[in-house]
Structures are given as C-alpha cells and as structure tokens.
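Below is one structure, written out as structure tokens, with a few remarks after it.
Please treat every number below as a calculation from the coordinates, not as lab data. Here the structure is a predicted model, which is why all the values come from computation and not from measurement. Glycine also receives a Cβ, built like all others from the backbone with ideal geometry; neighbour counts cover every protein chain displayed.
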Amino acid sequence: MSQARIGIIGGSGLYQMEGIEQARGYELTTPYGTPSDRIVTGVLHGAPVAFLARHGRDHRYLPSEVPYRANIYALKALGVRYLISISAVGSLQEPLRPLDMVLPDQFIDLTRRRDSTFFGNGAVAHVSMAAPVCSVLADVLAQAVHDTGLDNIQLHRGGTYVCIEGPAFSTYAESQWYRSIGGSVIGMTNMPEAKLAREAEMAYATLALVTDYDCWHPREAHVTAELAIANLMQNAANAQRVVSQAVRWLALDWPRSAAHDALAAGLVTRPAAME
Ligand code: ADE
C-alpha cells in the first residue's frame, strides 16, 4: 500500500484536492468500518499525501454519521503523521467575518453520540488534550495563507471551536451561550476527529472557513444551509491553494510535533493491536 505522510480531510464544499499527481484511490476497511469514502493518495509538491472527503464525495454523511474512527485509522494505516482538517464554521465573534479563515487552537466538545476513542475493552489510555492543535502545523498553515497572498481574506490565529452534535443549527439562546463560554467559531465535525488524531499520534490542525454568523448577530442573517454553502463555494478554491502551499512547507523539513509522542505519557495498558 502506498505511504502518505500528510493527510488532508476536506469538509463540506471540498470533496477533492487539485494537483495531486500519481493519484490512486484506496477503498479501505478498518476494524471500525469503512471510511467516509475512498482515500486518494499521491504526490503534491513532491510530498506523499492522502485526501479524504469527510462527508463522502457525494456528501452523504451527517456530522453525527461520519465514521471518524475509520477515517483516522485508515489515514494512520496509510502513514499519515500530519493531518490538515478543512472545516466550514459559523462565527461567534464579530471580527471573524464570513469568508475569513481561522486557525483555532482550542475545542469545546459538545457532541453527544459519537465514538471518541480507539481505546477500551482492556486497552486504557488517557492522552492529553490540553493543547489539541499542533502549533507547528498551525504555523505552517498561517505561513501558507500569507504566501498565497489572498488579499481580501483575513486570517485569525487562535480561537475556540465549539463542536455541536447537529445536524440542526443552534437556537439563539445556545448561540449566545457558546459566545459566553468563550467560543470563537462553531462547527459540527472537529470532534471527535481531533481527539482520535491525537490518539493516533498525528499532528492535527484545522483550517476553518467562516461561512456565516450563526444566529446571534443582531444585524446579520441567521445561518441557513444555503447561505453557508454559497460562502463555502467562494472559499473552497482558496483553501486548496493554502493547503497546497502548506504541504510544500511541511515537506521541506518534516517538523517534529509533540503529538507524535502523544501516547508516551498517556498509555496505561498497551492494546494488542499496537504490539
Ligand atoms: N458550519 C457552518 N456554519 C455553522 C454554524 N453556524 N453552526 C454549526 N456548524 C456550522
């Protein structure tokens, strides 16, 4: 099986990655079921990459239905050590405007019915999630946004991504509450993805694409799927350029990340599968 070092998970609106050479699709099965779609491996700027559409190319999975464990397991099996997650989000703060990009550095997990660990059944581990985003990978993405010279797109470093179960958008009261607990952006998919990536010892960072102001803003339209998709379509091409440039940077020196040793301090009982 081909080896990939950089994984790219494309969210809503980003169902394929341009520019991948020697592309080959893998239909994988894992102990956690099949991933959201075939995984396309190949070479981007000389670096081995793997691309996966989080909701499937035909967008058939609700956020609650995405097979997160199968996705991360399959990417790990392909050799992924750096995982770039591209995700549409609503803004919970005035300065984060639709079409802006955000590199969140924290998450609040409000999901309720998702399998969020590879451990259990006798294998015990508690990985640290104090710093859930790899700052080295986030730096690379920030540099890539800068290099890409997207004049009218503002990048915001840091912020807290509130992950809700969905699929319905939030009520006004919920939206205000997420703001009051420190949320910067809101989405439905980065948890448990970030936790599983940490358990798999992958460096993880999210490039969040702002599509709307959720429903808290007194003057802006309340989010609808139609509004979010219209803004996403404008942003998807920019996101591809940023990721492409980030891959180029990563491949220059394959930086080390604390996430690569996440289990060193977290593993209590070694699972049979890891021996
Ligand atoms: N994804 C994009 N916009 C969103 C919002 N307002 N709430 C949850 N997920 C979103």
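With point charges of +1 on the Cβ of Lys and Arg and -1 on the Cβ of Asp and Glu, referenced to the Cα centre of the chain, which listed residue (TYR32, ALA194, VAL102) lies farthest in the positive direction of the dipole?
Looking along the dipole axis, the top candidate is TYR32.
Report the residue, chosen from ASN190, ASN71, ASN152, that carries the largest GNM mean-square fluctuation when the chain is represented by alpha-carbon nodes joined by springs under 10 Å.
Among ASN190, ASN71, ASN152, the largest mean-square fluctuation in the Gaussian network model of the chain belongs to ASN152.
Can you pull a Stokes-Einstein diffusion coefficient for segment 7-108 at 10 °C (1.306 mPa s), Rh from Kirkwood over Cα pairs, as a whole number of µm²/s? Write out the running numbers ahead of the final one.
Numbers: Rh = 14.6 Å.
For the chosen part, D equals 109 µm²/s.
Would you mind telling me which residue in LEU137, LEU110, LEU252 has the biggest mean-square fluctuation in a Gaussian network model of the chain, where springs connect alpha carbons within a distance under 10 angstrom?
Looking only at LEU137, LEU110, LEU252, the largest GNM fluctuation is found for LEU252.
Before rounding to the nearest 500, sum -39500 (n - 2.57) across all DSSP H runs of length at least 4 in the chain and divide by the residue total; then give [θ] at 222 nm in deg cm²/dmol.
Values: 5 runs with 72 residues, N = 275.
Here the helix-only value at 222 nm equals -8500 deg cm²/dmol.
Taking only Cα atoms and a 10 Å spring cutoff, compute GNM fluctuations for the chain and point out the largest among ALA173, ALA53, ALA236.
ALA173
Once phi is turned into θ = phi - 60°, what whole-Hz ³J(HN,Hα) does the Karplus curve with 6.51, -1.76 and 1.60 give for every residue of segment 160-169, x standing for Gly and Pro?
Karplus-based 3J(HN,Hα) across segment 160-169 equals 10, 9, 8, 9, 9, 6, x, x, 5, 6 Hz.
Return GLU65, GLU220 ranked ascending by Cβ neighbour count within 10 Å, so the fewest neighbours appear first.
Final ranking by Cβ density, sparse to dense: GLU65, GLU220.
Listing VAL145, VAL185 from the residue with the fewest other Cβ atoms within 10 Å to the one with the most, what is the order?
By the 10 Å Cβ count, ascending, the order reads VAL145, VAL185.
As a footprinting exposure proxy, order CYS163, CYS215 by other Cβ within 10 Å, with the fewest listed first. Walk me through the numbers on the way to the answer.
Numbers: CYS163 25, CYS215 19.
Ranking CYS163, CYS215 by Cβ neighbours within 10 Å, fewest first, gives CYS215, CYS163.
Let me know the Rg and Dmax you get for segment 138-196 when you use only its Cα atoms, in Å.
Final numbers for Rg and Dmax: 14.4, 39 Å.
Go through 254-267, 94-107 and give me the packing order, highest mean Cβ count within 10 Å leading. Spell out each step's value before the answer.
Values: 254-267: 15.7, 94-107: 18.9.
Descending packing order for the listed peptides: 94-107, 254-267.
Taking N as the number of residues in the chain, what is its alpha-carbon radius of gyration divided by 2.2 N^0.38 Å?
Numbers: Rg = 17.6 Å, N = 275, 2.2 N^0.38 = 18.6 Å.
Its radius of gyration relative to the 2.2 N^0.38 Å reference: 0.95.
Which whole-number percent of Cα pairs in segment 143-275 have a distance greater than 26 Å? Present the calculation step by step, with values, prior to reporting the outcome.
Working: 3401 of 8778 pairs.
Within segment 143-275, distances greater than 26 Å cover 39 percent of Cα pairs.
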